[in-house]
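Some notes on the structure that comes next.
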Amino acid sequence: MLDTLVPMWYQLAVMSGSRNRSSITHQASESPAASDAGGWANAVATRPSHARKTAGTLVLLLVTAGLTSQATLTDTTGVNEPCSFYSFFDWTFQPPESYAIVGPSWSVSVRTTGNDTVALVDVTMQHYPGNPECDPGHGPNSIGIQVSKALVRSAFRSDFVSAVGQVAHGEHRDGFSFSAAVRPKNEPPDPNGAVGWISTSGGHVPTLLPVAPSLDNYSDRRALTATITPDYRLPDGTVTNGSPRVVILGPGESLARQPFDPSFAGGTLASIKYDYSGSATQSMTLAFLGTVDGTFNELDLDMGIQLLGNVLLPALKNDDTNLFIGVDLTQWQSFPTNFNALDTFTFAGGTNDALPGFLIGTSEVALGADGYETASPFSGEVYVAGAIDGEVPEPGIGALLWTGVLLTTWQARRRHKLKAA
């Protein structure tokens, strides 16, 4: 149910304070600040420039084929700065709307078409450094992300989509994210006519960062044995395994955080695999799926976290069946669901609408042409046996520059929280 969805973007404003291990109920707080917030939260208080829209931004109206005119999307909290950008749009879903900026630092185009039931959102984003440049010596980059996503506005159900991408920029990287959501028809529009929202953001990231995973055992009776393996994406797009860690967690115990190196054997950290057992064995792979230099693949794990926030998700288990679980963190982190210890979820054909991004099979789950795939989708019940998380231990330059942008995102999306009947 979408009334439990809580955006995770605010987690970039909180480092070690993003999680409370004394609680087994996982949900976002009412404020992005935390008592143990660390450096990123401190940076929020000193970000005087992130709250304004860059003067002189060129706004373009687009004309869609077959339509005489197209309304302008309302950008409520736009930022276009040398090293980061962000736009949040109130969306009426119909009639077609558009928005575009060209420079000074980023080029962003958003266009919607459709009717009162189905809408298509076309988004293109690119780093187009102007003056001042984010990083001297880097000229205009290739297109960072170019996607078309369809949403359905039904009578009683919300809908949402998201996408991420990264593209090399010299020896550095540019990262981009897009998400959109619409409320059902049985809910009235906002006073301005909006029934949904669209957001875009991105930034220039010069440094690879390590990622520190953790695991909690929620059982008060059983030990949990786990093998945690980092996977590294090589330049040719294939994946090689790093050195695994084997841990045994007693009832109620948590794994101490130890970061994985961001690079290994010429590759970059792109996914983490958890194999855990108490009775049956569950194998869960986590990755941010999107485009890497224009090709669908797993993003750098640290890039995904900087785009969508520190990872926190349920470790699912079935005591009688060995399961393979793939989690597209792009979908999960964009629209996560609160969860509690021992909550149960029923899967049909490998999926459950309450857990976006999850795919469960009784045979191996592997990366396909546009997402995870399995030859044997699982149908049955699983329960929350623990919690898995991952975070960037120290903020990089990109994270510090994005702090204000992503905090603004969190605040805007809190105001536009979706509900479903």
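Per-structure values
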item: Identity of the residue in the stretch 272-306, within 14 Å of Pro230 (Cα to Cα), among the aliphatic types (A, V, I, L, M) and assigned to a strand (DSSP E or B), that ends up nearest to the chain's Cα centre (by Cα); result: Ala287
item: Residue satisfying all of: in the stretch 325-339; under 20 Å from Gly380 (Cβ atoms) and not β-branched (Val, Ile, Thr); modelled with the lowest pLDDT among these; result: Phe339
item: Near pairs, Cβ below 6 angstrom, 6+ apart or cross-chain, from the stretch 332-357 (outside the structural domain of Thr321 (by TED's automatic domain parsing) and touching a residue at least 40 places away in the same chain (Cβ under 8 Å)) to any residue that is assigned to a loop (DSSP other than H, G, I, E, B) and not β-branched (Val, Ile, Thr); result: none
item: Strands (runs of 3 or more DSSP E) lying entirely in the stretch 190-271 (those with 1 or more residues that are charged (D, E, K, R)); result: 212-217, 224-233, 245-249
item: Residue list for the stretch 169-189, filter: in a strand (DSSP E or B) and of a type outside the set (A, V, I, L, M); result: His169, His172, Arg173, Asp174, Gly175, Phe176, Ser177, Phe178, Ser179
item: Contacts under 9 angstrom Cβ, first residue in the stretch 359-373 being more than 20 Å from Pro314 (Cβ to Cβ), partner of a type in the set (Ser, Thr, Tyr) and assigned to a strand (DSSP E or B), 6 or more apart; result: Ser363/Thr374; Glu364/Ser283; Glu364/Thr374; Ala366/Thr285; Ala366/Tyr372; Ala366/Thr374; Leu367/Ser271; Leu367/Thr285
item: Count of residues meeting criterion [surrounded by fewer than 19 Cβ atoms within 10 Å (Cβ to Cβ) and of a type in the set (S, T, N, Q)] in the stretch 165-187; result: 1
item: Residue, modelled with the highest pLDDT, within the stretch 222-236, restricted to residues that are surrounded by fewer than 15 Cβ atoms within 10 Å (Cβ to Cβ) and more than 12 Å from Tyr276 (Cβ to Cβ); result: Leu234
item: Candidate set: the stretch 224-277, residues that are among the β-branched types (Val, Ile, Thr) and free of Cβ contacts under 8 Å to residues at least 24 places away in the same chain; chosen: the one farthest from Leu323 (Cα to Cα); result: Thr238
item: Number of the exception - Glu381 against (1) in a helix (DSSP H, G or I); (2) surrounded by fewer than 24 Cβ atoms within 10 Å (Cβ to Cβ); (3) touching a Ser or Thr at 6+ places or on another chain (Cβ under 6 Å); result: (1)
item: Output for the stretch 307-330, where each listed residue is surrounded by fewer than 24 Cβ atoms within 10 Å (Cβ to Cβ) and either outside any strand (DSSP E or B) or among the polar types (S, T, N, Q) (or both); result: Asn310, Asn318, Asp319, Asp320, Thr321, Asn322
item: Options Ser199, Ser271, Ser219; residue that is assigned by TED's automatic domain parsing to the domain that holds His169 and surrounded by 17 or more Cβ atoms within 10 Å (Cβ to Cβ); result: Ser199
item: Hits in the stretch 328-362 - residues which are under 19 Å from Leu286 (Cβ atoms) and of a type in the set (Ser, Thr, Tyr); result: Thr330, Ser334, Thr337, Thr351
item: Filtered residues of the stretch 93-109 (kept if in contact with a Leu (Cβ under 9 Å, 6 or more places away or on another chain) and in contact (Cβ under 8 Å) with a residue 60 or more places away in the chain); result: Phe93
item: Conditions (1) out of contact with any Lys or Arg (no Cβ under 8 Å at 6 or more places or on another chain); (2) buried (at least 20 other Cβ atoms within 10 Å of the Cβ); number of the one not met by Met303; result: (1)
item: Condition check for Asp275: among the charged types (D, E, K, R), in contact with a Gly (Cβ under 7 Å, 6 or more places away or on another chain) and at pLDDT 95 or above; result: no
item: Number of the exception - Leu286 against (1) surrounded by 24 or more Cβ atoms within 10 Å (Cβ to Cβ); (2) farther than 30 Å from Arg221 by Cβ; (3) among the hydrophobic types (A, V, I, L, M, F, W, C); result: (2)
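The values are calculated or read from the model by the stated rules, or taken from the named source; none is laboratory data. The shown structure was predicted, so the numbers you read here are calculated from the model rather than taken from an experiment. Please note: Cβ atoms are built from the backbone with ideal geometry, for glycine as well, and neighbour counts cover all protein chains shown.
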